[in-house]
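Report on the structure given below.
Please treat every number below as a calculation from the coordinates, not as lab data. All values reported here derive from a predicted model rather than from experimental measurement.
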Amino acid sequence: MPSQIKVDEIKNVAGQYEIKTDTFKGQATAGSITVQGEGTATTNLQQGLAKAWLFAGSDAALQDSFNISTPTDHGTGDYSYTLTNPFSNDDYSLTATASSTDQRRNATENGTRSLAGTLAVETSDAGSMDNTAHNITAHGDLA
């Protein structure tokens, strides 16, 4: 039987409640870590994390990103991005924004290009101009 430590409270030598670790796992299964939310509600930590995000300039040029490997510019205002680690299916939540040098643009998911391993967006005026910047955040279950 593996060793167990059972305590009610852990404090460092200065009396603070800070624990530093490189790895934090749930007790028995993946997805089992919960954190206290507002009031008495708890939130599953893994479900609340963004699984992919990006900030890109025109022509799909990545400025910064997480879990994104390959950008593709399909034409004016039409972009897709390959995920380094794909979702388990294409039922993820995608939020996108876009802007040009003079105004905000609407950005929406491109349902024909979005797959478990691909995030895809189009701007509302895709036929008339490229964006100078766009942002995407995706939440869902990784494969």
Counting just the Cα atoms, what span does region 37-110 cover along each of its three principal axes? Round to the nearest Å and put the largest first. 47, 29, 21
Length gained if residue 73 through residue 91 is fully extended, taking 0.36 nm per residue and subtracting the Cα-Cα distance, is 4.2 nm
